Amino acid sequence: MSVAALLAVGALVLAGCTVPTAEGDDGKTGEKFQVRDPSGPALVLDSTDPAELALTASQAFFHASPIAVIASADDVDARATAAATGAAVTAPVLLTDGGVSDTNVVAELERLGAGTVVVVGDEQAVADVGPAAGDAEVVRFDPGALSAAAEAAASAGKDDAGTKDDAKVELPTADRLHAADLAGLRADIPDVSDPELLQEVLVAVDPKPGQEAAIGTALAAGAVPVEVPGGDIAADAGTVETIRALKPLGVVGIGAEFGAAEDLGWQVAVATSGATLPDGSLQLFPGRYISTSYTVPAGIADPAADAVRAVNAATTNGELLGGSPLVTVTASVRSSVPGEDGDYVDEQPLELLTPAVEAIRDAGQIVLLDVAPGVQPLAAQLEELEPLLKQSGVGLSVHPEFRVAGNGAESGSVPVAELQEVVDRLARIATAQGLPQIMLEVHQSTAASVVGRSDLRIPSQVAVVFTAAGPAAGQATAGGVWADVANDLPAHAVLGWSAPSEVPADATSILPTEPLLGLVSAG
């Protein structure tokens, strides 16, 4: 499957008042047992209610099943046992006493065609399930102690003082139950022989209490589990390598920490594409970059060779100011005259920019294409620069205060919608090409140059840096400018700062420390 296809977003459809329904395509495994390929190659099941999450997982992963497993959402041990039981007998797991009614559970059992319900717990648990089992035959399952594998996993999750992390649970795999207990259960339930399970579908999890049943259902359907610490695939090199080796055709994230489906889909796509930033990572931050500006000289015969000067200068600046070197390449400048196209901008030819950009990338440095907006919106030049932006490690630098009045903007400022268009275009490029994060630098000497700035929505594909600009060329950012630009930033934004032309021997003495500084413009 292509990267573009992998990034098509799976829809999460809400049915009824409060009960979510995750759509899927019918499987081909028989009349009474059918798994479902979850709708779309990327899907996130994000309910925080255990019973609702379990129901959604059943709808996402199963079209039909002769068996279902039920436990009380209020019983922590029963939830874990039910999840492992579902994984062992290839059955979806449902929960009562939570955010879904008994009527919802009965409806799901009828949709599945489940004639047998395994209720986890004692006789009282069976009595409490009551109406939720509907007309299905009830089989009680109350296994003894944990298996040796489960005991070992539980012990591994404790710290030196023997305290377990209550914010995390173990994967509810079948080996958490004793073989003898399972053998007894299988003798009492319909036999699902050699079921055809999901192929090359990954379930991304960072297991939390309340997610056990949903994870157990995913495992029962054949999804391959991958633990993703913090729900951030791109942040963990081991997770990236695992996904790269698996090459999944689809992915389901269980838990709100995975964000929107398109974010999860992008992370999987970039992990499988193999594209990385110069340091081998997929994310730009946390970290600090030191930018050095470069313009391809007019009439230069060999832009690639000339760009080496910028590479060397960026390396020196990076050493002086303590950060990774980055080169800002001038792609366009303001013009005092409208020009043939009337945009008050002079653009550098792509045939000159391309070899310079490639030389900087070959040297292992990030590149930002610096554009002046003129009378056109900030995103106007993206189409012409897209061949360069489709390469990993190439981003954009914009100047809202250079905006000439027209097309819905006042002179010297832009509405946040205009900046949002740039962010969204860059996100689409990253998504379509399977690229790691793209950096967008926004120069500002006043936060007001982006009207409504705090409303900017920043997706995970784009790292947006608001650089507090110096009052004049070669000067450091003034304290008042820094305070203004650093205040009331959009969520997930990073700060940048302009350094003076003359950097003191102890550069740390001039750099702001609060808030976190992600980029220094060294000129």
**Item:** Antiparallel bridges, percent of DSSP beta bridges restricted to the chain (to nearest 5)
**Value:** 15
**Request:** Mind giving me the nanometre distance, one decimal, between the label points for Val139 and Ala305, set 7 Å out from Cα along Cα→Cβ?
**Result:** 7.9
**Item:** Full-extension gain in nm, Leu249 to Glu227, via 0.36 nm per residue minus C-alpha separation
**Value:** 6.2 nm
**Item:** Among Leu396, Ile429, Pro415 the positive-end extreme of the charge dipole of segment 373-431 (Cβ point charges)
**Value:** Ile429
**Message:** 7 Å from Cα along Cα→Cβ at both Arg428 and Glu340: what's the point-to-point distance in nm?
**Reply:** 2.7
**Message:** Rounded to whole Å, give me the distance from the Cα center of segment 210-234 to that of segment 171-203.
**Reply:** 16
**Prompt:** Magnitude of the Cβ-charge dipole of the chain, K/R +1 and D/E -1, about the Cα centre, nearest 20 debye?
**Reply:** 880
**Prompt:** How far, in nm, would the chain grow between Asp194 and Ala298 when pulled straight, counting 0.36 nm per residue and subtracting the alpha carbon separation?
**Reply:** 30.4 nm
**Dipole of the chain, positive end: most advanced residue of Val520, Asn487, Gln124 [Cβ charges, Cα centre]** = Val520
**Message:** Contact order normalised by length for segment 383-523, with contacts defined as Cα pairs under 8 Å and 6 or more residues apart; what percent is it?
**Reply:** 20
**Asked** About its Cα centre, how strong a charge dipole does segment 372-523 have in debye, to the nearest 20, once Lys and Arg get +1 and Asp and Glu get -1 at the Cβ?
**Response** 260
**Item:** Relative contact order (%) - criterion: Cα under 8 Å, at least six apart; region: the chain
**Value:** 12
**Item:** Cut-off 15 Å between beta-carbons: net charge of the residues surrounding Leu109, Lys and Arg +1, Asp and Glu -1
**Value:** -3
**Prompt:** When all C-alpha to C-alpha distances in segment 368-449 are sorted into bins of 5 Å, what percent of pairs does each bin hold, rounded to whole numbers?
**Reply:** 3, 16, 28, 24, 15, 10, 4, 0
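Roll a 1.4 angstrom probe over the protein heavy atoms and tell me the percent of accessible area of segment 334-392 that is carbon or sulfur.
The C+S portion of the solvent-accessible surface of segment 334-392 is 44 percent.
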**Item:** Top positive-direction residue, dipole computed over the chain with Cβ charges, set Val203, Val462, Val442
**Value:** Val442
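So what's the back-of-envelope 222 nm ellipticity for the chain, counting only DSSP H runs of four-plus at -39500 (n - 2.57) apiece and dividing by all residues, rounded to 500? Could the numbers behind the result be given before it?
Working: 15 runs with 164 residues, N = 523.
Per the formula, -9500 deg cm²/dmol.
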**Request:** Mind pulling the angle between the C-alpha long axis of helix 102-112 and the longest principal axis of the chain? Nearest 10 degrees, somewhere in 0 to 90.
**Result:** 90
**Message:** Can you tell me the length gained on complete extension of the stretch Ala405 to Thr103, counting 0.36 nm per residue apart and subtracting the Cα distance?
**Reply:** 102.7 nm
**Asked** Given R₀ = 45 Å, FRET efficiency for Asp77-Thr276 by Cβ-Cβ distance, to 0.05?
**Response** 0.55
**Heavy atoms of His178: accessible area, 1.4 Å probe, square angstrom to 10** = 70
**Asked** So who's got an amide H within less than 5 Å of the one on His63, skipping anything under 5 residues away but keeping other chains? H placed 1.01 Å off N, in plane.
**Response** Gly27, Gln34, Val35, Arg36
**Under-24-angstrom lysine pairs by C-alpha in the chain, whenever the two are 8 or more apart or on separate chains** = 6
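Find the relative contact order for segment 201-342 and round it to a whole percent, using C-alpha pairs within less than 8 Å whose residues are 6+ positions apart.
Reported as a whole number, the value is 20 percent.
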**Average accessible area per residue (Å²) across the chain - probe 1.4 Å, nucleic acids and ligands excluded** = 41
**Item:** Inverse of mean 1/r across different Cα pairs in segment 266-412, Kirkwood, Å
**Value:** 16.3
**Item:** Separation of alpha-carbon centers, segment 108-145 and segment 276-329, rounded to whole Å
**Value:** 63
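The values are calculated or read from the model by the stated rules, or taken from the named source; none is laboratory data. Everything numeric in this text was worked out from a predicted model, so none of it was measured. Because the Cβ atoms are built from the backbone with ideal geometry, glycine has one as well, and the counts that use them run over all protein chains shown. When the accessible area is computed, the model is the full protein with side chains, heavy atoms only, and any ligands, DNA or RNA have been set aside. Shrake-Rupley method; radii C 1.70, N 1.55, O 1.52, S 1.80 Å.
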